[in-house]
1. Which members of the stretch 73-96 meet the condition of being part of a helix (DSSP H, G or I) and either in contact with a strand residue (DSSP E or B) (Cβ under 6 Å, 6 or more places away or on another chain) or of a type in the set (D, E, K, R) (or both)?
2. Are any residues in the stretch 110-156 surrounded by fewer than 17 Cβ atoms within 10 Å (Cβ to Cβ) and among the aromatic types (Phe, Trp, Tyr), and if so, which ones?
3. State which residue pairs qualify: first residue more than 20 Å from Pro85 (Cβ to Cβ) and inside the stretch 13-33, second residue part of a helix (DSSP H, G or I) and not polar (S, T, N, Q) in any location, beta carbons under 6 Å apart, and separation of 6 or more residues or different chains.
4. Looking at Ser105, is it over 24 Å from Lys13 (Cβ atoms), small (Gly, Ala, Ser) and within 15 Å of the chain's Cα centre (by Cα)?
5. Of all residues in the stretch 162-200, count the ones that are touching a Lys or Arg at 6+ places or on another chain (Cβ under 8 Å) and surrounded by fewer than 20 Cβ atoms within 10 Å (Cβ to Cβ).
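We did not get these values from a lab; they are worked out from the coordinates using the rules stated. The shown structure was predicted, so the numbers you read here are calculated from the model rather than taken from an experiment. Here the Cβ positions follow ideal geometry from the backbone for every residue, glycine too, while neighbour counts run over all protein chains shown.
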Amino acid sequence: MTAQTQHTKQVIKFNWPVVAGLLLIAAIPGIPAMFILALVLLGSGAVAGVSDVINAQYFATPAAILTHATSGALFFLTMPWQFSPRFRVRRPVWHKVSGQLAVTSGCIMAVSGVWMHWMLSPHELGGRFVLLLIMSTAICTAFCVAIVHVKKKRIALHKKWMIRAVALSLAAVTPLFTGALLHLVFSPWEGIYEILLTFHHNYDRLIAMAINLAIVEVITWQKGVSQPNAPTLSEQSY
């Protein structure tokens, strides 16, 4: 190992703000997913007074629930660490393995979300189901594009598409924040609030995808403007 390589590993930061932020956001669906997974594996009524807090249909159609919960928990445990430059540099093998787990579990999570909706709500195949299909397709497509780029050693594009894929995946969490903001701002006006609440319920996934992708593109553009000729951290780590 050269002195230059050692110096590079010393100066590259862990990027804790981003990793910790993603872990916190991931905990919102990730912890309940692990909780539901444990209860479904134990079976209905296994834990008195606790099994009743989740949908009884989960026990009737466990395959879809177990697949979605397991892949979701695995995704949210592996994904945040992909955004640590130091982790990529000092643990390249682990970065690759955990990245493969994150991509695979992310795609399974997206597809099994559609499967779970189909099993639990077979009669609700309207607009919300169509948006779920769109979101699932977008997540899998973004991950696949990211993989194609890394296979061809286009690391900067790989990084951008991985960020987009994660942003689309987190669109499942964003409606919690937009719904809370909607309630905070408009709840005093009942008529307007009810209209907006209905609109939000019908199009929350589309709104979430638009917001998350807009944030990602703005951040990416700002970094490109501020460091037009600097190599990305991903390029440094491969």
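1. Listed by number, the residues that qualify are Arg86, Arg88, Arg90, Lys96.
2. Answer for the stretch 110-156, where residues must be surrounded by fewer than 17 Cβ atoms within 10 Å (Cβ to Cβ) and among the aromatic types (Phe, Trp, Tyr): Trp118, Phe129.
3. Gly30/Ala73; Gly30/Phe76; Ala33/Ala69; Ala33/Gly72; Ala33/Ala73
4. yes
5. Counting residues in the stretch 162-200 that are touching a Lys or Arg at 6+ places or on another chain (Cβ under 8 Å) and surrounded by fewer than 20 Cβ atoms within 10 Å (Cβ to Cβ) gives 1.
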